[in-house]
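The values are calculated or read from the model by the stated rules, or taken from the named source; none is laboratory data. In this text, all values refer to a predicted model and were calculated from it rather than measured experimentally. Areas reflect the complete protein model, heavy atoms only, side chains present, ligands, DNA and RNA absent. Shrake-Rupley method; radii C 1.70, N 1.55, O 1.52, S 1.80 Å.
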Amino acid sequence: EITYGDWSSDVCSSDLNADATLEPGEPLHSGKRGGHSIWISWTAPTNGVATFTTKGSTFDTLLAAYAYERALTGGLSTPPDPANPFDGLKAMSYNDDDDEIGIDDESTEPSFVQFAVRAGVRYWIAVDGFAGAVGDVILTWSLATSDQALPLLFATSPDQAVREGDTVTDRKSTR
């Protein structure tokens, strides 16, 4: 695992994931086996919809966005138990091989996630290589701001992301 500091402006980051590792207890990003994950900590400067993509990376990527559940309800953005940093993470969105942003060739299939964010909440973005793939990571992000807190959607179906403007069926829990 390689962890970077907070990003405070729209940037494109480039790095190699070959030296990154899979940590004990780390979730399967997009429900698939990886093995060389890079984690980025990002704090939303305002409410809105964040978009992250790995377009331009030189390998088949897995991409996932997480937040600690307690941070989404006004609590801390750190793990409840530092010895188990993945406990309490809630998947905001994840994707493997986004068909809509296009691919250069079959070995460099990019991933795309888009999700509602709340001002001041820290999110954790994981980039991994499908089945242990390694290469140059290109991660680009943008934020469409909103004056209001948007509804938060969790755990989209594997290989799918909800995009701004998409129709979503809300299945409310009876708990």
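Going by accessible surface with a 1.4 Å probe and the largest first, D60, D81, D128 read D81, D60, D128.
In order along segment 32-37, the Karplus-derived 3J(HN,Hα) couplings, from 6.51 cos²θ - 1.76 cosθ + 1.60 at θ = phi - 60°, round to 10, 6, x, x, 9, 8 Hz, and Gly and Pro are given as x.
Computed from backbone phi with θ = phi - 60° and the Karplus coefficients 6.51, -1.76 and 1.60, the 3J(HN,Hα) list for segment 60-65 is 6, 9, 10, 9, 8, 10 Hz; x is used for glycine and proline. Distant-in-sequence amide contacts of G135, defined by a placed amide H-H separation under 5 Å and a gap of 5 or more residues or a different chain, comprise N17, A18. Annotation: amide H-H contacts under 5 Å for N47 (H modelled 1.01 Å from N, sequence separation of 5 or more, or interchain): A119, S146.
Please say if segment 17-73 is rounded, prolate or oblate, where rounded means a/c under 1.5 for a ≥ b ≥ c the square roots of the C-alpha gyration tensor eigenvalues, and otherwise the choice is prolate for a/b larger than b/c and oblate otherwise?
Because a/c hits 1.5 or more and a/b fails to exceed b/c, segment 17-73 counts as oblate.
Close amide H contacts of G35 (hydrogens built in the peptide plane, cut-off under 5 Å, sequence separation of 5 or more or a different chain): G129, G132. Taking a ≥ b ≥ c as the square roots of the Cα gyration tensor eigenvalues, with a/c under 1.5 meaning rounded and otherwise prolate when a/b beats b/c, else oblate, which class fits segment 40-95? Because a/c hits 1.5 or more and a/b fails to exceed b/c, segment 40-95 counts as oblate. Centre-to-centre separation between the Cα atoms of segment 124-152 and those of segment 19-58: 6 Å.
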